[in-house]
Amino acid sequence: MDVSTLIGILVASGLVIVSISMGGSVTWFINYPSLMIVIGGTMGATLLAYPLSEVMSVFGVAKNVFLHRYQNQNELISLLVRFARKARKEGILSFESELKNVDNPFMVKGLNLAIDGMDSGAIEDILRTEIYAIEERHRLGADIFLTMGNFSPAVGMLGTIIGLVQMLMQMNDPSNIGKPMAVALLTTFYGVFLSYLFFLPIAGKLKTRSKKELIINEMIMEGIISIQAGDNPRVVEQKLKAFLSPRERKLKSRSK
């Protein structure tokens, strides 16, 4: 479980709920017609913008927001340098028995290409194509959440108009004004709440994680190409350290 995501949801939702309860009953803010308008309208508009298969796949993407496994760059660099030393002593074919212990599909694919005897240019072309495909998949997931974040406040305003029309049509009977007015206000509330506390933050987190993963994959690709070219392990390490921030480089130096 990603701690920052969990804390963000608890803080954002919790404080809103607490502030509501301090001014009255939380049940006042539960209105099923309003929820139907916002959720149904947002999903319907999103399905108009994207194919069904892509919208359904977004639930798997959303799972990664909460269950993301962080890849430690320093550990990956140490692993690649170890492979570089092994390649210098025993040859690239010696990697094959160790690939089952590598928990990174992108690295495994790259090392397999090197084991198969491909030259560095072919390996780079294949891995860059893989990186581009990963980037596109991640971009699509973030774009769908961004789209839902843009649609939900607008759908909430649509619900507000519906509620106001219903209210105005019953002005002759003041006792019937309450429910339409609740629909008018709560649909805007639900739309803004879902957009700014869920959809848009999730889109932002997916974009951030995508950039981080792409940098890691670029680093892995550079390491594999250097290993295949027969570079000295120290040269491989220095190349890979270029992908680390100054703080991460200091941590790596201390860990030696």
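The values are calculated or read from the model by the stated rules, or taken from the named source; none is laboratory data. Values in this document were obtained by computation on a predicted structure and should not be read as measured data. In this analysis, Cβ positions are derived from the backbone assuming ideal geometry, glycine residues included, and neighbour counts consider all displayed protein chains.
Tell me, yes or no, whether region 59-69 has at least one residue that is closer than 26 Å to residue 151 by Cβ, of a type in the set (Val, Ile, Thr) and touching a Gly at 6+ places or on another chain (Cβ under 7 Å). For region 59-69, residues closer than 26 Å to residue 151 by Cβ, of a type in the set (Val, Ile, Thr) and touching a Gly at 6+ places or on another chain (Cβ under 7 Å): present. The set of residues in region 1-14 being loosely packed, with under 12 Cβ neighbours inside 10 Å and either in contact (Cβ under 8 Å) with a residue 12 or more places away in the chain or closer than 28 Å to residue 179 by Cβ (or both) consists of 1, 6.
Out of 117, 121, 60, one residue alone is at positive phi, surrounded by fewer than 17 Cβ atoms within 10 Å (Cβ to Cβ) and either assigned by TED's automatic domain parsing to the domain that holds residue 237 or of a type in the set (Phe, Trp, Tyr) (or both). It is 117.
For region 79-96, the tally of residues that are within 33 Å of the chain's Cα centre (by Cα) and surrounded by fewer than 16 Cβ atoms within 10 Å (Cβ to Cβ) stands at 2. Could you tell me whether residue 109 is out of contact with any Leu (no Cβ under 8 Å at 6 or more places or on another chain) and not small (Gly, Ala, Ser)? No: the conditions fail for residue 109.
Only one of the numbered conditions (1) exposed (fewer than 15 other Cβ atoms within 10 Å of the Cβ); (2) assigned to a helix (DSSP H, G or I) is not met by residue 69, and that is (2). The helices (runs of 4 or more DSSP H) found entirely in region 159-252 that carry 1 or more residues being of a type in the set (Asp, Glu) and closer than 30 Å to residue 94 by Cα are 200-228, 233-241.
Inside region 21-80, residues that are of a type in the set (S, T, N, Q) and under 30 Å from residue 227 (Cβ atoms) make up a count of 6. Condition check for residue 210 on (1) in contact (Cβ under 8 Å) with a residue 60 or more places away in the chain; (2) polar (S, T, N, Q); (3) surrounded by fewer than 14 Cβ atoms within 10 Å (Cβ to Cβ): one failure, at (3).
Of the residues making up region 83-120, those that are within 19 Å of residue 232 (Cα to Cα), in a helix (DSSP H, G or I) and free of Cβ contacts under 8 Å to residues at least 40 places away in the same chain number 7.
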